[in-house]
1. Using the alpha-carbon atoms, what tilt in degrees (0 to 90, nearest 10) does helix 135-146 show relative to the longest principal axis of the chain?
2. Apply the Debye scattering formula to the chain, with a single equal point scatterer on each alpha-carbon and no solvent, then give log10 I(q)/I(0) at q = 0.18, 0.21 Å⁻¹.
3. Cut-off 10 angstrom, C-alpha nodes, Gaussian network model of the chain. Which of Asn65, Asn11, Asn141 fluctuates the most?
4. Applying the Karplus parametrisation 6.51 cos²θ - 1.76 cosθ + 1.60 with θ = phi - 60° to the phi angles of region 56-61, what ³J(HN,Hα) value in whole Hz is obtained for each residue in order, glycine and proline being reported as x?
5. Among Ile36, Ile61, Ile144, which one shows the biggest mean-square fluctuation in a GNM of the chain, springs joining Cα atoms closer than 10 Å?
6. Size of the dipole of the chain about the Cα centre, Lys and Arg at +1 and Asp and Glu at -1 on the beta carbon, nothing else charged, in debye to 20?
7. Select from Ile63, Pro51, Leu15 the residue farthest towards the positive end of the dipole of the chain; place +1 on Cβ of Lys and Arg, -1 on Cβ of Asp and Glu, and compute about the Cα centre.
8. For Trp102, enumerate residues with amide H under 5 Å from its amide H, sequence gap 5+ or separate chain, H modeled in the peptide plane.
Amino acid sequence: MSFLFKILLKNITDLLVWRRLLVPEQFTFLQFYKTIQVAFGWDNSHLFQFPPNGYGSHPVIVIPNPEWDDEPPLDSKKAKLYEIFTTPKQKLIYIHDFGDDWARTITLEKMTEDKLLHADCIAGQGASPPENRGGAWGYANLKIVLDVHNPPPIINE
């Protein structure tokens with residue numbers, strides 16, 4: 001079985017940025033994290049988590065830290081997608097780079113009978129913002145500085 005996910009970058013409202021991924025059900029969340037990073041053109045260099053409803057919600061899926069003494073998280077190297085995603089329209093939050101606080105809403109759109117070995121990005125919209133720019137708010141400021149919405153006029157010579 002495979003899962004069709006829509007992954008929407010949160011807190012960017014003027015130009016939606018999303019990807020639609022077809023992913024094998026047996027992928028671990030670490031594999032899923034890496035797949036999402038590639039689909040959005042980012043470089044796998046930050047910590048991440050998959051909490052059901054954002055920060056502080058449980059069970060959170062992460063690369064565990066043995067020094068944590070609160071509710072134990074699920075290990076992203078072991079937790080499989082099919083263990084968490086069980087019904088279409090189910091949602092999960094994905095957060096990475098806790099300094100910039102990039103968050104995405106993951107929605108399971110459909111479960112298919114396809115037997116895949118690899119993930120595939122089958123659709124999307126919007127260019128990914130550059131990393132390490134202060135998150136959605138830093139990206140909004142960067143667009144103002146670069147005047148993205150009001151490019152200079154084209155001059156014909």
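Bear in mind these aren't lab numbers, they're just calculated from the coordinates by the rules spelled out. Bear in mind that the values here come from a model prediction, so they are computed numbers and not experimental data. Cβ placement follows ideal geometry from the backbone for every residue including glycine, while neighbour counts extend to all protein chains displayed.
1. That helix lies at roughly 20 degrees to the long axis.
2. Values, matching the q order: -1.11, -1.43.
3. Ranking Asn65, Asn11, Asn141 by mean-square fluctuation puts Asn65 first.
4. Coupling constants for region 56-61: x, 8, 10, x, 8, 10 Hz.
5. Greatest mean-square fluctuation among the candidates belongs to Ile144.
6. 480 debye
7. Farthest towards the positive end: Leu15.
8. His96
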